[in-house]
Amino acid sequence: MKVTDHIKEAEGKTLFSFEIIPPIKGKSIQELYNNIDPLMEFKPPFIDVTTSREEYVYIDRDGLLDKKLTRMRPGTVGICASIKHKYDVDTVPHVLCGGFTKEETEYLLVDCHYLGIDNVMALRGDAMREEKYFEPTKGGHPYAKSLVSQIQDLNCGKYLHEVIESDDCADFCIGVAGYPEKHLEAPSLKTDLKRLKEKVDAGADYVVTQMFFENKKYFNFVEAAKEIGITVPIIPGIKPLAIKKHLQLLPQVFRIDLPQDLIDATDGCKNNKEVRQVGIEWAIQQSKELKEAGVPVLHYYSMGKSDNISAIAKEVF
């Protein structure tokens, strides 16, 4: 079922969902299952599975370093299929511009269609570790908007090199990212909202926001989006603070602000166990307020760990 259909069927009830990352290659999927199991009691209608960018590794060959491209966390579509089969839940693979040609994207989408996967999250993706700025892959998409257009074309039977008349066309529900505090590369929030509108106009069906720690920023973002004609559901993304180092890492990596009350509470912690509890309590209060406001879904960035997400959900759902 499509994410948008799950929202319609809920009739105003706030749904619970979360995002996971594939295991590093060579690792068992069982650890992933062990972290999903405790969250299934909250009846998520869908689970997101991230896709990693490729990265360079250096292989020692007789004293010479050989530079090779690799993906440390492959298997997004396979994991989606496994979770769908094991838990009877919809899955949402992340489809990236970076690291994929348009042809590779088409093959991935065809695989998703064969597997009965009805939803995809279309993202530009981050720059590679060795790049200061995002560089489009040769033969790939430079922006999420054009990726959305390719997916929407496929929904209409328009493949890259031909139009195929078929009674079994794909019908993907397309999610895209939104940034309550603007994308780190955008010159202004107003400009960033215009880019979001372009993605919606290209065919995006819903939006999931980047993490934020002050609900006012989400509410203001939703209001500003409505003012420029964005009417699709905007799902808030929540990430509980987990380690003290997040105070430096999150603003640096995601260009977001942290509330002073949260900073002060974290600074007063003696260890990361205490920080994790502060993060849980903060996310509970965030979640309750958002739920009371009638958000369609509360979407949690779990990073593969479920204990803190489970503790939050127990208090909210």
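The values are calculated or read from the model by the stated rules, or taken from the named source; none is laboratory data. Small disclaimer: the values here were computed from a predicted structure and weren't measured. Virtual Cβ from ideal backbone geometry, glycine too; neighbours counted across all protein chains shown. Ligands, DNA and RNA are stripped out before the accessible areas are found, and what is left, the full protein with its side chains, is counted by its heavy atoms. Shrake-Rupley method; radii C 1.70, N 1.55, O 1.52, S 1.80 Å.
Could you tell me which of rounded, prolate or oblate describes region 193-317, using a ≥ b ≥ c as the square roots of the eigenvalues of the alpha-carbon gyration tensor, with rounded for a/c under 1.5 and, failing that, prolate when a/b is larger than b/c and oblate otherwise? Because a/c hits 1.5 or more and a/b exceeds b/c, region 193-317 counts as prolate. Report note on the peptides 256-267, 105-116: ranked by the mean count of other C-beta atoms within 10 Å, highest first, their order is 105-116, 256-267. Largest GNM mean-square fluctuation among Asp205, Asp167, Asp192, using the chain with Cα springs under 10 Å: Asp167. Across Ser188, Ser17, the residue with the most accessible area heads the list, and the full order at a 1.4 Å probe is Ser188, Ser17. Our compactness index for region 48-130, the C-alpha radius of gyration over the empirical 2.2 N^0.38 Å, is 1.29. By a 1.4 Å probe calculation restricted to protein chains, His246 has an accessible surface near 20 Å², given to the nearest 10. Computed in the context of the full set of protein chains, the accessible area of the chain at 1.4 Å probe radius has 50% of its extent on carbon or sulfur.
Only protein heavy atoms count here; under a 1.4 Å probe, Phe221 has an accessible surface of about 10 Å². The overall shape of the chain, judged from the alpha-carbon gyration tensor, is rounded, with an a/c ratio under 1.5. For the chain, a Gaussian network of Cα nodes joined below 10 Å ranks Ser28, Ser166, Ser146 by mean-square fluctuation, and the top entry is Ser166. Counting only heavy atoms of the protein chains and using a 1.4 Å probe, Lys25 has close to 100 Å² of accessible surface.
With springs connecting C-alpha atoms under 10 Å apart, model the chain as a Gaussian network and identify which of Cys169, Cys97, Cys80 has the largest mean-square fluctuation. Of Cys169, Cys97, Cys80, the Gaussian network model singles out Cys169 as fluctuating most. Mind checking which lysines have their C-alpha under 21 Å from Lys43, skipping anything on the same chain fewer than 8 residues away? The reachable lysines, counting only those whose Cα sits under 21 Å from Lys43, are Lys2, Lys8, Lys13, Lys84, Lys86, Lys239, Lys288, Lys291, Lys305, Lys314.
Taking the alpha-carbon distance from Lys190 and a cut-off under 15 Å, which aspartates and glutamates remain once sequence neighbours fewer than 8 residues away in the same chain are dropped? Of all the aspartates and glutamates, those that pass the test against Lys190 - Cα under 15 Å, at least 8 places apart if same chain - are Glu181, Glu198, Glu223, Glu227.
Counting only aspartates and glutamates at least 8 places from Lys245 when in the same chain, those with an alpha carbon closer than 17 Å to its own are Asp257, Asp261, Asp264, Asp267, Glu274. Take each peptide in 287-295, 206-214, count the other Cβ atoms within 10 Å of every residue, and average; sorted highest first, the result is 206-214, 287-295. The calculated Kirkwood hydrodynamic radius for region 85-199 is 15.3 Å, given to one decimal from all distinct C-alpha pairs. Taken per residue, the accessible surface of the chain reaches 51 Å², heavy atoms only and a 1.4 Å probe.
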